[in-house]
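Just so it is clear, none of the values below were taken in a lab; they were calculated from the coordinates. For clarity, every value in this text was computed on a predicted model and none was experimentally measured. Counting neighbours? That spans all protein chains shown, and the Cβs are built from the backbone with ideal geometry, glycine included.
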Amino acid sequence: MHHALAASILVWIAVALAVFCAIGLAIMRTAFERLHFSSILASSCTALIVVAVWLDDPNWQARLKALFIAVLLLLMNGVLSHATARAIRIRQNKRLDIDGGEKILLITKEHPAGIPHKGKS
Amino acid sequence: MNYWLWAALGLLAAILPCLYVCAVKPAEDRLVALEFLSCIVTLELILMAEGFHQPSFYDLPLTLALLSFGGGMVFARFLERWL
């Protein structure tokens with residue numbers, strides 16, 4: 001009984017977090033900002049749902065499959081986010097490396113406040 | 001109807017903002033929304049499998065998670081080079 005209650009609370013937290021992330025996805029300005037929200041979904045929401053499955057369902061087949069899906073989502077979301085961010089950057093700037101005119105600050109130990117990054121010469 | 005199925009119903013609300021982004025925003029944002037949407041649908045199928053007490057239904061979100069990864073990579077590649 002306690003396990004079912006805990007599982008239902010976890011599931012509803014996951015759903016609320018997913019809706020929050022979806023709203024965040026819609027209101028952000030750039031694609032890079034939007035990309036962060038899918039990471040929250042793939043890590044936190046999935047983990048909450050899998051913990052709820054482990055608490056509520058005594059069936060080991062369901063438990064292991066849910067865990068496998070969560071691990072799969074977590075690992076693949078990182079790779080997919082990287083590939084997507086790379087593709088967006090190349091599409092927007094026509095190149096991957098930093099251009100000298102982009103005014104990106106390079107932070108080092110000698111310059112903690114940052115100095116202008118000149119990019120590849 | 002148990003709380004898993006109610007949660008699956010509630011999770012449908014997260015699809016609407018993604019559909020908005022897919023319909024209105026430029027191609028880069030659409031790709032991000034599509035990846036987000038595939039993750040939402042995977043979670044939706046997990047909730048439904050648990051709600052119906054059918055462990056064999058877990059094969060569906062598992063397949064979707066694998067295929068959406070491949071699909072996302074292909075879309076990202078297309079966006080980078082041709083689209």
Subject >> Cα-based Lys proximity count in region A:25-121, under 27 Å, for pairs eight or more positions apart or on separate chains >> reply: 7
Original post:
Given a Förster distance of 30 angstrom, what is the FRET efficiency for A:R86 paired with A:E110, based on the Cβ-Cβ distance and rounded to 0.05?
Top reply: 0.55
Original post:
Fewest first, what order do B:V74, A:V19 take by the number of other Cβ atoms within 10 Å?
Top reply: B:V74, A:V19
**OP:** Express in % the proportion of alpha carbon pairs of chain A at distances exceeding 22 Å.
**Re:** 55 percent
**OP:** Sticking with the crude label model, points 7 Å out along Cα→Cβ, report the distance from A:Q61 to A:W12 in nm, one decimal please.
**Re:** 3.1 nm
Subject >> Separation of alpha-carbon centers, region B:1-39 and region A:1-29, rounded to whole Å >> reply: 13 Å
Original post:
What length, rounded to one decimal in nm, is gained on full extension from A:H2 through to A:N93, with 0.36 nm per residue of separation minus their alpha-carbon distance?
Top reply: 27.4 nm
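Using a cut-off of 15 Å between beta-carbons, work out the net charge of the residues near A:A66 (Lys and Arg +1, Asp and Glu -1, A:A66 not included).
Working: positive: A:R63, A:K65; negative: A:D56, A:D57, B:E44, B:E50, B:D59.
With Lys, Arg at +1 and Asp, Glu at -1, the neighbours total -3.
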Subject >> Karplus-derived HN-Hα couplings along region A:69-76 (A = 6.51, B = -1.76, C = 1.60, θ = phi - 60°), whole Hz, x at Gly and Pro >> reply: 4, 5, 5, 4, 5, 5, 5, 6
**OP:** Treat the count of other C-beta atoms within 10 Å as a stand-in for reagent exposure and order B:Y3, B:Y20 from fewest to most.
**Re:** B:Y20, B:Y3
Original post:
How high is the relative contact order of region A:1-46, given as a whole-number percent (alpha carbon pairs under 8 Å, six or more residues apart)?
Top reply: 40 percent
